[in-house]
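All remarks here apply to the structure that follows.
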Amino acid sequence: AKAVEARVIVDSTTSTPVLCRPLEFGADVVLHSTTKFLGGHSDSLGGALIVKDPFMYANLLKQRTTIGNVPGSLEVWLLLRSLRTLPIRVERQSQTAETIVQYLLTKQPDLVRKVFHPSLPTCKGHELVGEAEDKQMKYGGPLISFVLRSEDRAKNFPQHLKLILEATSFGGCESTIDWRAKSDTQVDRRLLRLSVGLEHASDLISDLETAFEEILKIDSPVEDTEDEDELPEEEEEEEEEKENERLSDENERLSGENERITDDENEVVDGEEEGANDDENEVDDGENEVVNDDEENEVDNGETNDE
């Protein structure tokens, strides 16, 4: 990004500064929805941009002042209240999430098809999680996604939970779950997203266990079709190589087109210059002919007068 003078913007809403500090890894702008984990109590709305460039900061501050989109005093007070407990909340939620992830793995393969969380070695980016200084995230975070074996079971699963609330929003003290296909038609219709709150891990697991027992009663065919993102490792590598080759071919094609366009432009310019030179030569020749004709006429007239 730096090589082409591009700005790097990171949405760090789900990790918060407790788990990740993108500015320390070279990002230019960090974006937060303060409505989520920074607010942490599901009672305020807002957003924040954090930058390290003083010039960019001055421009953003000027735009905010001009446009007038400043946060309300109540929202700011609520956010300041929440920031005092942010590290305690996020670390506790993240640790509980890892406990629940291990519980969900015990439900494979009968009920749960796949679990997504950065703490799992099977998750992309797992090598970036850890407490070492060179890691980008301290924990995997409070959000968990998992895929059930059928759409009907995924759709009905939240209805059998008592402690965990069914809601699209996340980041509060209370745990929430969302059947993602309800609001996003592009995702796997068996996908559920769980936002872990501050409840005790054993209470949350007990609630999940009850819901799993209930959905077993649903007579629904198990859907075992392969997902595009679940290809075997060898096939993933092959797909990646094909994609790289395609991008390389595309770059060569674009480079060739750019060279052709440049050559055409040069030819047009050369042609225009040649045309201009020819026109100038023709004008010069015409002027010379006119001058010569005038001189000859004057000579002839002079000879006639002498006679």
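List of remarks:
- Simple rule: put +1 on each Lys or Arg Cβ and -1 on each Asp or Glu Cβ in the range 165-216, find the dipole, and look at Ser169, Leu198, Thr210; the Cα lying farthest toward the positive end is Ser169.
- Here the simple spin-label model places points 7 Å from the Cα toward Cβ, and for Leu163 and Ile88 these points are separated by 2.0 nm.
- With a cut-off of 13 Å between beta carbons, the residues surrounding Ser195 carry a summed charge of 0, where Lys and Arg count +1 and Asp and Glu -1.
- The length gained by stretching the chain between Glu245 and Lys2 to full extension, at 0.36 nm per residue less their Cα-Cα distance, is 85.0 nm.
- Each Lys and Arg Cβ is given +1 and each Asp and Glu Cβ -1; about its Cα centre, the range 133-188 then shows a dipole of about 180 debye.
- Distance (nanometres) between label positions extended 7 Å along Cα→Cβ at Glu131 and Gln186: 3.8
- Of the residues Tyr139, Cys123, Ala154, the one whose Cα sits farthest towards the positive end of the charge dipole of the range 113-155 is Ala154 (charges of +1 on Lys and Arg Cβ, -1 on Asp and Glu Cβ, taken about the Cα centre).
- Computed on protein heavy atoms with a 1.4 Å probe, the accessible areas place Arg113, Arg253 in the order Arg253, Arg113, largest first.
- Tensor-based shape of the range 1-121 (alpha-carbon gyration tensor, a/c under 1.5 rounded, otherwise prolate or oblate): oblate
- Solvent exposure of Asp43, expressed as accessible area, is near 70 Å², computed with a probe of 1.4 Å over the protein chains only.
- Heavy atoms of Lys107 accessible to a 1.4 Å probe, total area in Å² rounded to 10: 40
- If the chain linking Ile9 and Leu216 were pulled fully straight, counting 0.36 nm for each residue of separation and taking away their Cα-Cα distance, it would gain 70.1 nm.
- Computed E for Tyr103/Tyr57 - FRET, C-beta separation, R0 51 angstrom, nearest 0.05: 0.70
- Amide H contacts of Gly46: Thr34, Thr35, each under 5 Å away and 5 or more positions distant or on a separate chain (H built 1.01 Å from N in the peptide plane; Pro and chain starts excluded).
The values are calculated or read from the model by the stated rules, or taken from the named source; none is laboratory data. These numbers were taken from a predicted model, which means no experiment stands behind them. Glycine also receives a Cβ, built like all others from the backbone with ideal geometry; neighbour counts cover every protein chain displayed. Quick note on the areas: whole protein, heavy atoms, side chains included, nothing else; ligands and nucleic acids left out. Shrake-Rupley method; radii C 1.70, N 1.55, O 1.52, S 1.80 Å.
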